[in-house]
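Here the structure comes first, spelled out in structure tokens, and everything after it is commentary.
The values are calculated or read from the model by the stated rules, or taken from the named source; none is laboratory data. Every value quoted in this text rests on a predicted model; they were computed, and no experiment measured them. As a convention, Cβ positions derive from the backbone with ideal geometry for all residues, glycine included, and neighbour counts pool all protein chains shown.
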Amino acid sequence: MTGQVDLDSYIDAGAIVAVDLINAFASERNTTDSPQAEVIEKILAVDPASVARLTGADVPGFIELAQRLRQIFQLLHREDVDEAAAILNAMLTAHPAFPHLAKDEGLWRLHHHPSDTELVPEWNSICAENLARLIGAGYENRFGICSAPECDRVFIDLSKNRSRRFCSIACQNRAKAAAYRQRQSTRPSV
Ligand SMILES: [Zn+2]
């Protein structure tokens, strides 16, 4: 149940998009200066049908979603699972899923939202459901925030022994270099 394979199987587009939205729109360390709609388009590329429906009017809703999702990561990072669960439950109540079969190019597939659902409510629901599923499976301690100086990007820790501390190799290297400089400067001079 705590194996790597199990954790991987709980991650779907909801968690992937959640992490990407937070890091693009609710992080101090935002590395892109592309137009917001373009950034969202790239993030939603996991679901081409969503990209096709995206309009400029959806941008503020996705930014708001990013901020709400960041709150959840912050709460889980400081082990306040109750409060994170309360926010997720509010999101799931506001944007309920409606599982049903629909025919896609001749094949019956399970959909979770009516085809006329607006894009932003749908992604509120998809992200909330995936994060809720992770918490429900006991993975609430896998929600990470980068420990490098001046970085607050988030990640889901998929490492075997829950040892990931940084959002990226770049941050890991930055943190190592900072620690090295710190050691050099505190070493007593002879
Ligand atoms: Zn980082």
key: Filter pass, T117 being under 30 Å from A52 (Cβ atoms), of a type in the set (V, I, T) and more than 15 Å from the ligand (Cβ to nearest atom)   = yes
task = Could you list all residues from the stretch 37-51 that are out of contact with any Leu (no Cβ under 8 Å at 6 or more places or on another chain) and at pLDDT 95 or above?
result = E38, V39, K42, A45
note = Here the residues within the stretch 126-155 that are in a loop (DSSP other than H, G, I, E, B), surrounded by 15 or more Cβ atoms within 10 Å (Cβ to Cβ) and away from the ligand (no atom under 16 Å from the Cβ) are A137, Y139
request  = Kindly indicate whether any position in the stretch 156-170 is under 16 Å from the mean Cα position of the chain (by Cα) and outside any loop (DSSP other than H, G, I, E, B).
outcome  = yes
ask   = Taking the stretch 140-165, which residues are of a type outside the set (A, V, I, L, M) and in contact with a strand residue (DSSP E or B) (Cβ under 8 Å, 6 or more places away or on another chain)?
value = R142, F143, G144, C146, D152, R153, F155, D157, R164, R165
note = Exactly one of R109, R70 is in contact (Cβ under 8 Å) with a residue 40 or more places away in the chain, within 17 Å of A13 (Cα to Cα) and either buried (at least 16 other Cβ atoms within 10 Å of the Cβ) or not polar (S, T, N, Q) (or both), and that residue is R70
key: Neighbours by Cβ (under 8 Å, 6+ apart or cross-chain): first from the stretch 78-89, within 11 Å of L131 (Cβ to Cβ) and at pLDDT 95 or above; second acidic (D, E) and surrounded by 14 or more Cβ atoms within 10 Å (Cβ to Cβ)   = A84/E140
ask   = Does A18 satisfy the criteria of being touching a Cys at 6+ places or on another chain (Cβ under 9 Å) and more than 16 Å from the ligand (Cβ to nearest atom)?
value = yes
remark   = Taking the stretch 49-74 and the residues there that are in a helix (DSSP H, G or I) and β-branched (V, I, T), the one that is nearest to S147 (Cα to Cα) would be I72
Residues (exposed (fewer than 15 other Cβ atoms within 10 Å of the Cβ) and either in a helix (DSSP H, G or I) or aliphatic (A, V, I, L, M) (or both)) located in the stretch 84-103 = A86, N89, A90, T93, A94, L101, A102
remark   = For the stretch 156-186, the count of residues that are of a type in the set (A, V, I, L, M), surrounded by 12 or more Cβ atoms within 10 Å (Cβ to Cβ) and within 13 Å of the ligand (Cβ to nearest atom) equals 3
